[in-house]
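The values are calculated or read from the model by the stated rules, or taken from the named source; none is laboratory data. Bear in mind that the values here come from a model prediction, so they are computed numbers and not experimental data. All Cβ positions, even for glycine, are placed from backbone atoms using ideal geometry, and neighbour counts span all protein chains on display. Just the protein is used for accessible areas: all its heavy atoms, side chains included, with ligands, DNA and RNA removed. Shrake-Rupley method; radii C 1.70, N 1.55, O 1.52, S 1.80 Å.
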Amino acid sequence: VLQGYAAEMDNPLMAHLISPELQNKKDILFGNMEEIYHFHNRIFLRELENYVDYPELVGRCFLDQMEDFQIYEKYCQNKPRSESLWRQFSDSVFFQECQRKLDHKLSLDSYLLKPVQRITKYQLLLKEMLKYSKNCEGDEDLQEALTSILGILKAVNDSMHQIAITGYDGNLNELGKLLMQGSFNVWTDHKKGHSKVKDLARFKPMQRHLFLHEKAVLFCKKREENGEGYEKAPSYSYKHSLNMAAVGITENVKGDAKKFEIWYNAREEVYIIQAPTPEVKATWVNEIRKVLT
(Lines give C-alpha, C1' and ligand atoms only; values in the text may rest on other atoms or scores of the structure.)
Protein backbone atom coordinates (compact mmCIF):
# COMPACT_ATOMS: atom_id res chain seq x y z
CA VAL A 1 0.00 0.00 0.00
CA LEU A 2 2.79 2.43 0.85
CA GLN A 3 4.81 1.62 -2.26
CA GLY A 4 2.04 0.82 -4.71
CA TYR A 5 -0.35 3.63 -3.77
CA ALA A 6 1.10 6.28 -1.44
CA ALA A 7 4.48 6.61 -3.20
CA GLU A 8 2.75 6.58 -6.60
CA MET A 9 0.91 9.78 -5.64
CA ASP A 10 4.31 11.51 -5.83
CA ASN A 11 5.36 9.75 -9.02
CA PRO A 12 5.59 12.31 -11.89
CA LEU A 13 4.72 9.57 -14.40
CA MET A 14 1.38 9.01 -12.67
CA ALA A 15 0.57 12.68 -12.10
CA HIS A 16 -1.70 12.96 -15.16
CA LEU A 17 -4.06 10.35 -13.64
CA ILE A 18 -4.56 12.26 -10.38
CA SER A 19 -7.40 14.76 -10.32
CA PRO A 20 -6.44 18.20 -8.96
CA GLU A 21 -8.72 17.83 -5.90
CA LEU A 22 -6.82 14.71 -4.89
CA GLN A 23 -3.36 16.25 -5.12
CA ASN A 24 -1.63 17.00 -1.78
CA LYS A 25 -4.20 14.84 0.01
CA LYS A 26 -1.85 11.92 0.62
CA ASP A 27 -1.66 12.57 4.38
CA ILE A 28 -5.43 12.61 4.70
CA LEU A 29 -5.87 9.38 2.76
CA PHE A 30 -3.11 7.32 4.40
CA GLY A 31 -2.92 9.02 7.80
CA ASN A 32 0.21 7.92 9.66
CA MET A 33 0.26 4.44 8.11
CA GLU A 34 3.94 4.85 7.28
CA GLU A 35 4.74 5.55 10.93
CA ILE A 36 2.85 2.38 11.93
CA TYR A 37 4.70 0.38 9.29
CA HIS A 38 8.14 1.57 10.46
CA PHE A 39 7.30 0.93 14.11
CA HIS A 40 6.44 -2.68 13.30
CA ASN A 41 9.23 -3.24 10.85
CA ARG A 42 12.12 -1.67 12.77
CA ILE A 43 11.10 -2.07 16.39
CA PHE A 44 8.23 -4.35 17.29
CA LEU A 45 8.97 -7.24 14.92
CA ARG A 46 12.60 -7.38 16.09
CA GLU A 47 11.47 -7.41 19.72
CA LEU A 48 9.06 -10.26 19.03
CA GLU A 49 11.78 -12.26 17.28
CA ASN A 50 13.80 -12.25 20.52
CA TYR A 51 11.06 -14.35 22.11
CA VAL A 52 10.61 -16.97 19.40
CA ASP A 53 11.65 -19.68 21.86
CA TYR A 54 9.89 -18.13 24.87
CA PRO A 55 6.42 -17.21 23.61
CA GLU A 56 5.04 -16.94 27.15
CA LEU A 57 7.29 -13.90 27.72
CA VAL A 58 5.88 -11.98 24.75
CA GLY A 59 3.91 -9.74 27.12
CA ARG A 60 7.16 -7.87 27.78
CA CYS A 61 7.37 -6.73 24.14
CA PHE A 62 4.00 -5.08 24.48
CA LEU A 63 4.80 -3.48 27.81
CA ASP A 64 8.13 -2.08 26.60
CA GLN A 65 6.50 -0.55 23.53
CA MET A 66 3.14 0.43 24.96
CA GLU A 67 3.67 4.15 24.37
CA ASP A 68 4.37 3.54 20.69
CA PHE A 69 1.02 1.80 20.29
CA GLN A 70 -0.65 5.17 20.69
CA ILE A 71 0.20 5.85 17.04
CA TYR A 72 -2.89 3.76 16.31
CA GLU A 73 -5.07 6.33 18.03
CA LYS A 74 -3.83 8.96 15.58
CA TYR A 75 -4.58 6.63 12.66
CA CYS A 76 -8.12 5.89 13.84
CA GLN A 77 -8.89 9.55 14.48
CA ASN A 78 -7.98 10.35 10.88
CA LYS A 79 -9.99 7.42 9.50
CA PRO A 80 -13.30 9.30 8.95
CA ARG A 81 -11.52 11.99 6.89
CA SER A 82 -9.71 9.30 4.94
CA GLU A 83 -12.95 7.42 4.24
CA SER A 84 -14.83 10.45 3.05
CA LEU A 85 -11.95 11.31 0.68
CA TRP A 86 -11.88 7.73 -0.59
CA ARG A 87 -15.62 7.79 -1.28
CA GLN A 88 -15.22 10.89 -3.43
CA PHE A 89 -12.42 9.43 -5.54
CA SER A 90 -12.80 5.65 -5.26
CA ASP A 91 -13.53 5.30 -8.98
CA SER A 92 -10.55 7.42 -10.01
CA VAL A 93 -8.38 6.06 -12.83
CA PHE A 94 -5.32 6.56 -10.64
CA PHE A 95 -6.50 4.08 -7.99
CA GLN A 96 -7.64 1.59 -10.61
CA GLU A 97 -4.23 1.72 -12.27
CA CYS A 98 -2.39 1.23 -8.95
CA GLN A 99 -4.63 -1.72 -8.10
CA ARG A 100 -4.04 -3.27 -11.53
CA LYS A 101 -0.24 -2.97 -11.19
CA LEU A 102 -0.28 -4.52 -7.71
CA ASP A 103 -2.62 -7.25 -8.91
CA HIS A 104 -4.74 -6.77 -5.76
CA LYS A 105 -8.12 -8.47 -5.67
CA LEU A 106 -9.39 -5.87 -3.18
CA SER A 107 -9.47 -2.12 -3.58
CA LEU A 108 -7.44 0.28 -1.44
CA ASP A 109 -10.10 0.89 1.23
CA SER A 110 -9.87 -2.76 2.37
CA TYR A 111 -6.18 -2.23 3.10
CA LEU A 112 -6.70 1.13 4.80
CA LEU A 113 -8.85 -0.73 7.31
CA LYS A 114 -5.99 -3.08 8.25
CA PRO A 115 -4.42 -0.96 11.04
CA VAL A 116 -7.82 -0.60 12.72
CA GLN A 117 -8.29 -4.36 12.52
CA ARG A 118 -4.74 -4.99 13.72
CA ILE A 119 -5.03 -3.06 16.97
CA THR A 120 -8.29 -4.89 17.78
CA LYS A 121 -6.72 -8.25 16.94
CA TYR A 122 -3.92 -7.86 19.51
CA GLN A 123 -6.28 -8.10 22.45
CA LEU A 124 -7.75 -11.35 21.04
CA LEU A 125 -4.27 -12.82 20.58
CA LEU A 126 -3.23 -11.83 24.10
CA LYS A 127 -6.43 -13.30 25.59
CA GLU A 128 -5.77 -16.52 23.71
CA MET A 129 -2.14 -16.65 24.95
CA LEU A 130 -3.24 -16.04 28.51
CA LYS A 131 -5.50 -19.08 28.30
CA TYR A 132 -2.44 -21.29 27.76
CA SER A 133 -0.08 -19.48 30.13
CA LYS A 134 -1.67 -20.01 33.52
CA ASN A 135 0.84 -19.91 36.38
CA CYS A 136 3.88 -19.79 34.14
CA GLU A 137 6.57 -17.14 34.14
CA GLY A 138 5.34 -14.17 32.15
CA ASP A 139 1.61 -14.58 32.73
CA GLU A 140 1.52 -11.37 34.77
CA ASP A 141 3.17 -9.47 31.91
CA LEU A 142 0.66 -10.92 29.46
CA GLN A 143 -2.21 -9.85 31.72
CA GLU A 144 -0.77 -6.35 32.07
CA ALA A 145 -0.19 -6.15 28.30
CA LEU A 146 -3.82 -7.12 27.69
CA THR A 147 -5.05 -4.48 30.14
CA SER A 148 -2.89 -1.84 28.43
CA ILE A 149 -4.06 -2.76 24.94
CA LEU A 150 -7.69 -2.66 26.12
CA GLY A 151 -6.90 0.81 27.51
CA ILE A 152 -5.63 1.92 24.11
CA LEU A 153 -8.72 0.47 22.40
CA LYS A 154 -10.92 2.39 24.83
CA ALA A 155 -8.98 5.59 24.11
CA VAL A 156 -9.32 4.98 20.36
CA ASN A 157 -13.06 4.35 20.71
CA ASP A 158 -13.58 7.39 22.96
CA SER A 159 -11.65 9.66 20.64
CA MET A 160 -13.70 8.45 17.65
CA HIS A 161 -16.79 9.71 19.48
CA GLN A 162 -15.11 12.90 20.61
CA ILE A 163 -14.18 14.00 17.09
CA ALA A 164 -17.90 13.74 16.22
CA ILE A 165 -18.84 16.57 18.64
CA THR A 166 -20.28 19.57 16.80
CA GLY A 167 -21.10 23.06 18.01
CA TYR A 168 -18.54 23.37 20.83
CA ASP A 169 -16.90 26.83 20.57
CA GLY A 170 -13.80 26.18 22.65
CA ASN A 171 -10.89 23.84 22.14
CA LEU A 172 -11.70 20.34 23.44
CA ASN A 173 -8.00 19.68 24.04
CA GLU A 174 -8.03 22.30 26.77
CA LEU A 175 -10.46 20.22 28.83
CA GLY A 176 -7.77 17.66 29.68
CA LYS A 177 -7.89 13.96 28.96
CA LEU A 178 -11.17 12.37 27.88
CA LEU A 179 -11.87 9.81 30.61
CA MET A 180 -15.31 8.39 29.72
CA GLN A 181 -18.14 8.82 27.24
CA GLY A 182 -21.58 7.24 27.06
CA SER A 183 -25.35 7.69 26.65
CA PHE A 184 -27.72 8.36 29.55
CA ASN A 185 -31.21 9.48 30.53
CA VAL A 186 -30.97 12.88 32.20
CA TRP A 187 -33.49 14.82 34.27
CA THR A 188 -32.74 18.39 35.35
CA ASP A 189 -33.93 20.37 38.31
CA HIS A 190 -32.98 24.06 38.38
CA LYS A 191 -33.55 26.31 41.40
CA LYS A 192 -33.80 29.33 39.16
CA GLY A 193 -36.47 29.60 36.51
CA HIS A 194 -40.12 28.83 36.12
CA SER A 195 -41.70 26.23 38.42
CA LYS A 196 -43.55 24.81 35.39
CA VAL A 197 -40.19 23.90 33.84
CA LYS A 198 -39.34 22.07 37.03
CA ASP A 199 -42.50 19.96 36.96
CA LEU A 200 -42.09 19.03 33.31
CA ALA A 201 -38.47 18.12 33.86
CA ARG A 202 -39.40 15.61 36.54
CA PHE A 203 -41.15 13.21 34.21
CA LYS A 204 -39.60 13.11 30.79
CA PRO A 205 -35.89 12.40 30.66
CA MET A 206 -33.63 13.83 27.97
CA GLN A 207 -31.36 11.49 26.05
CA ARG A 208 -27.87 12.88 26.46
CA HIS A 209 -24.40 11.66 25.52
CA LEU A 210 -21.93 12.64 28.24
CA PHE A 211 -18.22 13.23 27.77
CA LEU A 212 -16.25 13.30 31.02
CA HIS A 213 -12.97 15.21 30.76
CA GLU A 214 -10.58 16.03 33.58
CA LYS A 215 -11.75 19.65 33.64
CA ALA A 216 -15.36 19.51 32.46
CA VAL A 217 -18.29 17.25 31.69
CA LEU A 218 -20.04 17.89 28.34
CA PHE A 219 -23.71 17.18 27.67
CA CYS A 220 -24.45 16.50 23.99
CA LYS A 221 -27.41 15.33 21.97
CA LYS A 222 -26.74 12.33 19.76
CA ARG A 223 -27.79 12.54 16.13
CA GLU A 224 -27.83 9.35 14.09
CA GLU A 225 -26.75 9.94 10.52
CA ASN A 226 -28.07 8.01 7.56
CA GLY A 227 -25.33 6.82 5.31
CA GLU A 228 -22.69 4.21 4.81
CA GLY A 229 -19.65 3.35 6.92
CA TYR A 230 -18.41 6.29 8.93
CA GLU A 231 -21.17 8.54 7.64
CA LYS A 232 -23.55 6.32 9.56
CA ALA A 233 -21.55 7.12 12.68
CA PRO A 234 -23.48 9.42 15.00
CA SER A 235 -22.58 13.02 15.60
CA TYR A 236 -23.08 14.79 18.92
CA SER A 237 -24.39 18.33 19.04
CA TYR A 238 -23.03 20.17 22.06
CA LYS A 239 -25.63 21.44 24.54
CA HIS A 240 -23.78 22.61 27.64
CA SER A 241 -20.89 21.77 29.94
CA LEU A 242 -20.11 21.89 33.65
CA ASN A 243 -16.73 22.86 35.02
CA MET A 244 -15.51 19.99 37.23
CA ALA A 245 -14.17 22.50 39.77
CA ALA A 246 -17.75 23.42 40.72
CA VAL A 247 -19.34 19.96 40.45
CA GLY A 248 -20.56 17.78 43.30
CA ILE A 249 -21.90 14.23 43.15
CA THR A 250 -24.57 12.24 44.99
CA GLU A 251 -23.87 8.57 44.44
CA ASN A 252 -27.24 7.09 45.34
CA VAL A 253 -30.70 8.24 44.33
CA LYS A 254 -33.63 6.68 46.18
CA GLY A 255 -35.37 3.86 44.38
CA ASP A 256 -33.01 3.35 41.45
CA ALA A 257 -29.63 1.60 41.53
CA LYS A 258 -28.80 2.99 38.09
CA LYS A 259 -29.20 6.68 39.01
CA PHE A 260 -26.76 9.20 40.42
CA GLU A 261 -26.76 12.99 40.68
CA ILE A 262 -24.35 15.60 39.44
CA TRP A 263 -25.01 19.00 40.95
CA TYR A 264 -23.51 22.36 40.20
CA ASN A 265 -22.76 25.50 42.20
CA ALA A 266 -24.06 24.21 45.54
CA ARG A 267 -27.14 22.47 44.05
CA GLU A 268 -28.26 25.48 42.01
CA GLU A 269 -28.53 23.05 39.11
CA VAL A 270 -29.11 19.34 39.69
CA TYR A 271 -28.79 16.67 37.00
CA ILE A 272 -30.21 13.22 37.75
CA ILE A 273 -28.43 10.77 35.53
CA GLN A 274 -29.62 7.25 34.81
CA ALA A 275 -27.04 4.80 33.48
CA PRO A 276 -28.03 1.80 31.34
CA THR A 277 -26.80 -0.60 34.09
CA PRO A 278 -25.65 -0.41 37.73
CA GLU A 279 -22.15 -1.43 36.52
CA VAL A 280 -21.90 1.53 34.13
CA LYS A 281 -23.08 3.80 36.93
CA ALA A 282 -20.40 2.44 39.27
CA THR A 283 -17.62 3.04 36.73
CA TRP A 284 -18.75 6.62 36.11
CA VAL A 285 -19.19 7.45 39.79
CA ASN A 286 -15.68 6.09 40.39
CA GLU A 287 -14.12 8.17 37.63
CA ILE A 288 -15.94 11.34 38.70
CA ARG A 289 -14.88 10.76 42.28
CA LYS A 290 -11.24 10.46 41.15
CA VAL A 291 -11.48 13.76 39.29
CA LEU A 292 -13.07 15.53 42.26
CA THR A 293 -10.50 14.30 44.74
In nm, what is the difference between 0.36 nm times the number of residues separating ASN24 and ARG267 and their Cα-Cα distance? 82.2 nm
Computed over the stretch 7-163, protein heavy atoms only, probe 1.4 angstrom, the accessible area per residue in square angstrom equals 59 Å²
Trypsin sites (Lys or Arg not before Pro) in the stretch 1-103 lying in a DSSP loop, each with at most 14 other Cβ atoms within 10 Å of its Cβ, come to none
What distance in nm separates the two pseudo spin-label positions at LEU124 and ASN157, each 7 Å out from Cα along the beta-carbon direction? 1.5 nm
Which residue fluctuates most in the GNM of the chain (Cα springs below 10 Å): LEU102, LEU212, LEU22? LEU102
Given a 10 angstrom Cα cut-off, can you work out which residue in GLN181, GLN117, GLN274 is the most mobile in a GNM of the chain? GLN117
Can you work out the FRET efficiency for the pair LYS74 and HIS190, with r the C-beta to C-beta distance and R0 = 35 Å, to the nearest 0.05? 0.30
Between ASP109 and ARG42, what is the label-to-label distance in nm when each label sits 7 Å out along the Cα-to-Cβ direction? 3.3 nm
Under a plain spin-label model, where a point goes 7 Å from the Cα along Cα-to-Cβ, how far apart in nm are GLN143 and ILE249? 2.6 nm
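Could you give the Stokes-Einstein D for the chain in µm² per second, using the C-alpha Kirkwood radius, 10 °C, 1.306 mPa s?
71 µm²/s
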Please return the longest range in the chain lying between exposed loop sites, taking GluC sites (Glu not before Pro), DSSP loop only, at most 15 other beta-carbon atoms within 10 Å, and leaving the sites out. 1-136
Counting pairs of alpha carbon atoms under 8 Å apart in space and at least six apart in sequence, what relative contact order in percent does the chain give? 14 percent
Placing +1 on the Cβ of each Lys and Arg and -1 on the Cβ of each Asp and Glu in the stretch 7-163, which of LEU63, VAL93, MET33 has its Cα farthest towards the positive end of the resulting dipole? VAL93
Rounded, prolate or oblate (a/c below 1.5 giving rounded, otherwise prolate when a/b exceeds b/c) for the stretch 7-163 by Cα gyration tensor: prolate
Which pairs in the list LYS105/LYS221; LYS114/LYS239; LYS154/LYS239; LYS26/LYS154; LYS121/LYS222 are over 32 Å apart, alpha-carbon to alpha-carbon? LYS105/LYS221; LYS114/LYS239
Extension reserve of the VAL93-LYS131 stretch, reckoned as 0.36 nm per residue once the Cα distance is removed: 8.9 nm
For the stretch 9-26, in residue order, the Karplus 3J(HN,Hα) values (coefficients 6.51, -1.76, 1.60; θ = phi - 60°; whole Hz; Gly and Pro = x) are 5, 9, 7, x, 6, 9, 4, 5, 8, 8, 5, x, 5, 8, 5, 6, 10, 4
